[in-house]
Amino acid sequence: MKIKKAIKLRLYPSQDKQKQINQIREICLWLYNYLGKERIKAWKQSLSEGLKENKTKVTYTQQQNLLPQLKETNPDLKLVHSQTLQDVVRRLDYSWKKFYTKVKKEKVGLPRRKWLEKYESFTYTQSPAFQLKGSQLWISKLGWINIRKHREPMGEVKTCSLLIKNQKYYAVFSCEVEAQPKTTVSSISPQKQIGIDVGIGKDNFFALSNGVKQANPQFYRTAEKELGELQRKVSSKEKRSQRREKAKLELSKKHENVSNQRKDFVFKVVKKLRDNFDLLAVEKLRTRKIMERSQEQNPWYSAKSLHDASLSFFLLALSHRVEETGGRLVKVNPAYTSQRCSNCQQLASRKLELSDRVFVCACCKHKEDRDINAAKNILYQAQITELGTNFDSQNKIW
């Protein structure tokens, strides 16, 4: 089985190359918004005619076939590779397909026009349009650009995207690699099996069923004061002034730094988990629902803590890493994992609140950290799912 991986490498283009890259980006943005207007016109026309669906009005194929004609009326489009122009149409088509799906279920707004700050990349979809050789990257209609190749792209390189962020330039390669065959369940020893209970507290990013707990660095909380000061600097500057743009760039770089710290931390702990265990069990969490529920209870604290913990990113990175290296990731039902004793499998006599940090079983008097207790329950349920462990019907769980 093949899986997709993305590799991001830093580019160091000359001043002339930077101008060319920025020009291509602006042309792609213009094309995206121009074709988007055509879609909006067609949609509004279908509404005026009493049609409920607009799928057949403007399609990807129609707009792609329109590109040669647009090149004749807009010579600037000839400066951009045809693959990149087609990818612009594909991006627009993707956003409208999502709109068509959502509009049937709920009231949603039309896809909006994009601004330059939000249109950060453009893509070359086939390798003849780009070539990586040594410490340089060749791009059609751009030429050779210096690149910092701290690692080689793996497997088969499918696409190359040029990304512009905070006045820095990157090449993002999408690769297809062969995943390692999954480890057979029968060959996994108990020492290579682990349950993981994730959290958002300062002292608990996750707890493992072997008793180990990982603290949450809370990078956003640490930088929150500095981010607030930078945001006030932006607000105090006159709109559309150079000083305001400079302050916005400084703020954006700080946000990027916090994001990079969080990603680096997650990737390191994910690698450590996968290197030490072959079967990893986690709860099947719906983080969006958790955030909505937490905001209702404590809107000022919980939302920031959930965002700072980046649970979705951690679980996604763990899933990709395990899939790539042939391990097994089991997602179990989260019901009662914190409310059940890991020793005798009896439910707690009362519902534990978030303030209760120690689980005490009224039946067998077992006493343990509530997060570690939950991690053991998660592993137990995964063993039932994967290994078919037999258990007493009197104490069956879930």
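Taken together, the values in this text are just the output of simple stated rules run on the coordinates, not laboratory data. Please read all numbers here as calculations on a predicted model, not as lab measurements. When we count neighbours, we look across all protein chains shown, and the Cβ atoms used for this are built from the backbone with ideal geometry, even at glycine.
Structure data summary
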read-out	value
Pairs of Cα atoms farther than 41 Å apart, the chain, %	31 percent
Signed unit charges on C-beta, dipole axis of the chain, positive-most listed residue Cys160, Ser355, Leu273	Cys160
Taking all pairs of distinct alpha-carbon atoms in region 346-385, Kirkwood radius in angstrom	10.9 Å
Farthest positive-ward along region 2-178 dipole, Cα basis, beta-carbon charges - from Asn74, Gln126, Tyr32	Tyr32
Nearest-0.05 FRET efficiency for Ser252 and Leu387, computed from C-beta distance (R0 41 Å)	0.25
The chain, relative contact order in percent, only Cα pairs under 8 angstrom and at least six apart counted	16 percent
All lysines inside 18 Å of Lys263 as judged from Cα atoms, apart from same-chain residues fewer than 8 positions distant	Lys5, Lys8, Lys165, Lys202, Lys253, Lys254, Lys271, Lys272, Lys304
Taking region 127-263 and dividing mean pair separation by its residue count, relative contact order in percent (alpha carbons under 8 Å, at least six apart)	12 percent
DSSP loop GluC sites (Glu not before Pro) with at most 12 other Cβ within 10 Å excluded, longest remaining stretch of the chain	118-237
The chain, helix-only ellipticity at 222 nm - DSSP H runs n ≥ 4, -39,500 (n - 2.57), divided by all residues, nearest 500	-14500 deg cm²/dmol
Choice from Ile21, Ile384, Ile164 with maximal GNM fluctuation in the chain (Cα, 10 Å cutoff)	Ile384
Segment Arg151-Lys331, length gained on full extension (0.36 nm per residue, minus Cα span)	61.6 nm
Cross-link reach list, lysines versus Lys71, counting only Cα pairs under 22 Å and skipping chain neighbours closer than eight places	Lys19, Lys37, Lys41, Lys114, Lys141
Virtual spin-label span in nm between Asn22 and Leu316, 7 Å along Cα→Cβ	3.0 nm
Potential extension, Lys225-Val360 segment - 0.36 nm per residue separation minus Cα distance	44.7 nm
Mean Cα-pair separation over length for region 60-212, i.e. relative contact order, pairs under 8 Å, 6 or more apart, %	14 percent
Dipole in debye (nearest 20) - the chain, about Cα centre, beta carbon charges: Lys, Arg +1; Asp, Glu -1	1180 debye
Positive-pole candidate from Ile21, Tyr170, Ser46, dipole of region 2-178, charges at beta carbon	Ser46
Modelled label reach - Leu67, point 7 Å along Cα→Cβ, region 16-49 residues with backbone N closer than 19 Å	21-39
Lys, Arg +1 and Asp, Glu -1 on Cβ, resulting dipole of region 185-395 about Cα centre, debye, nearest 20	960 debye
